[in-house]
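Engineer: Below is the structure I would like to discuss, written out as structure tokens.
Nothing in this text is a laboratory measurement; each read-out follows from the coordinates by a stated rule. None of these values were measured; they are calculated from a predicted model. Backbone-built Cβ (ideal geometry, glycine too); neighbour counts: all protein chains shown.
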Amino acid sequence: MSTKKKIGIGVISLGWMGRLHARSYRTVSERFPELDAEARLVVAADPIEQARRAATQDLGFERARADYRELLADPEVEAVSICAPNYLHEEIALAAVEAGKPFWVEKPVGVSAEQARRVAHAATSAGLVTAVGFNYRHAPAIEYMRHLVRSGALGRITNVRVWFIADYNSSPLGPLTWRASRKRAGAGVVCDLMSHGADLA
Ligand SMILES: NC(=O)c1ccc[n+]([C@@H]2O[C@H](COP(=O)([O-])OP(=O)(O)OC[C@H]3O[C@@H](n4cnc5c(N)ncnc54)[C@H](O)[C@@H]3O)[C@@H](O)[C@H]2O)c1
């Protein structure tokens, strides 16, 4: 049996990203055997009943709740993934700060710069460890690129061109989700995909 410290995880929202976070937590031990801690999937929160059922039946969570506030109030939850649609990030992140839980919030942190600043300020003031879902940063090729730039091997960089090729939102027959609403997403593709490009640059 593993003697590693177990860190209790709560995942808020079980759409595309929430499920991916859940799968990723499960593989931490396999991918990073040198760590002396592993994730324990304690609670998932999603208002959709099927998502909650999948959480406990398929994704390995011990329990599931409809309201994310119950997840944040759970003493066994030590760290949180916030994978909700963009318009809920600020509200949930501020509630996580209030609950004193370190969190990873998916990008973008809010639907406006003001929202993102409020979250950053609250988390920093509370001294919480946080991260934003700019996951491409950690791809080995990108880290090596960063090393090349920082070491000066490529000289002074004056221009960056980013291509981000994705078609998941391209079908006119696809469902009209929060992503297609400026109010709920914050912006269009600039927010959804180009934010990764700006972050990498
Ligand atoms: N880092 C990346 O590469 C990456 C990739 C895709 C999406 N994202 C980000 O992840 C976030 C989620 O995107 P997605 O594609 O997984 O969305 P999605 O539409 O697939 O899933 C959203 C989920 O949120 C749930 N939800 C709705 N209201 C809720 C509430 N009040 N409380 C809790 N859950 C609620 C829905 O039931 C659904 O399960 C977005 O911020 C998006 O920008 C990041």
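Engineer: With unit charges on the beta carbon (Lys/Arg positive, Asp/Glu negative), name the residue among A123, T27, V43 whose Cα is farthest towards the positive pole of the charge dipole of segment 27-161.
Structural biologist: It is A123, whose Cα lies furthest towards the positive end.
Engineer: With 10 Å bins from zero, work out the P(r) of the chain over every alpha carbon pair and list the percent per bin.
Structural biologist: Each 10 Å bin holds this share of Cα pairs: 8, 30, 35, 21, 5, 0.
Engineer: For a quick check: with amide H placed at 1.01 Å from N, whose amide H comes under 5 Å from K6's, ignoring anything fewer than 5 positions away on the same chain?
Structural biologist: Under 5 Å from the amide H of K6 lie the amide H atoms of E38, each far enough along the sequence or on another chain.
Engineer: With no solvent and one point on each alpha carbon, what is the Debye value of log10 I(q)/I(0) for segment 1-64 at q = 0.13, 0.23, 0.25 Å⁻¹?
Structural biologist: Debye output, listed in q order: -0.34, -0.89, -1.00.
Engineer: Let me ask you something else. Picking from V160, V129, V77, which is most flexible by a Gaussian network model of the chain using Cα springs under 10 Å?
Structural biologist: Looking only at V160, V129, V77, the biggest GNM fluctuation is shown by V160.
Engineer: What is the Cα centroid distance between segment 136-201 and segment 1-36, reported in whole angstrom?
Structural biologist: Value for the Cα centre distance between the two parts: 25 Å.
Engineer: Using a Gaussian network for the chain with springs between C-alpha atoms less than 10 Å apart, which of these wobbles most: E90, E62, E34?
Structural biologist: In the Gaussian network model the winner is E34.
Engineer: Please identify every one of the trypsin sites (Lys or Arg not before Pro) in segment 118-174 that sits in a loop by DSSP and has no more than 14 other beta carbons within 10 Å of its own beta carbon.
Structural biologist: Of the trypsin sites (Lys or Arg not before Pro), the ones in loops of segment 118-174 whose Cβ has at most 14 other Cβ atoms within 10 Å are R156, R161.
Engineer: Moving on to the next point. What length, rounded to one decimal in nm, is gained on full extension from T124 through to E76, with 0.36 nm per residue of separation minus their alpha-carbon distance?
Structural biologist: Value of the extension gain: 15.0 nm.
Engineer: Give me the percent of Cα-Cα pairs in segment 136-200 that sit more than 13 Å apart, rounded to a whole number.
Structural biologist: 73
Engineer: How high is the relative contact order of segment 136-200, in percent, counting Cα pairs under 8 Å that sit 6 or more residues apart?
Structural biologist: This gives 30 percent for segment 136-200.
Engineer: Another one. Only loop residues by DSSP count here, and only those with at most 12 other Cβ atoms within 10 Å; note down the chymotrypsin sites (Phe, Trp or Tyr not before Pro) in segment 140-201 that meet that.
Structural biologist: In loop regions of segment 140-201 (DSSP not H, G, I, E or B), the sparsely surrounded chymotrypsin sites (Phe, Trp or Tyr not before Pro) are W163, Y168.
Engineer: List, in order, the whole-Hz ³J(HN,Hα) value for each residue of segment 121-132 obtained from phi through the Karplus relation with A = 6.51, B = -1.76, C = 1.60 and θ = phi - 60°; use x for Gly and Pro.
Structural biologist: Taking θ as phi minus 60°, the curve returns 5, 4, 5, 5, 4, 7, x, 8, 7, 9, 8, 10 Hz for segment 121-132.
Engineer: Next question. Cross-link candidates for K4: which lysines have Cα within less than 23 Å, leaving aside residues fewer than 8 places away along the same chain?
Structural biologist: K101
Engineer: Hey, another quick one. Given the options F61, A93, G110, identify the residue whose Cα lies farthest towards the positive end of the charge dipole of the chain (+1 on Cβ of Lys, Arg; -1 on Cβ of Asp, Glu).
Structural biologist: Of the candidates, G110 comes out farthest on the positive side.
Engineer: About its Cα centre, how strong a charge dipole does the chain have in debye, to the nearest 20, once Lys and Arg get +1 and Asp and Glu get -1 at the Cβ?
Structural biologist: Roughly 480 debye, rounded to the nearest 20.
Engineer: Moving to a separate point now. Suppose every Lys and Arg Cβ carries +1 and every Asp and Glu Cβ carries -1, with no other charges. What dipole size does segment 7-119 come out with about its Cα centre, to the nearest 20 debye?
Structural biologist: Here segment 7-119 has a charge dipole of around 260 debye.
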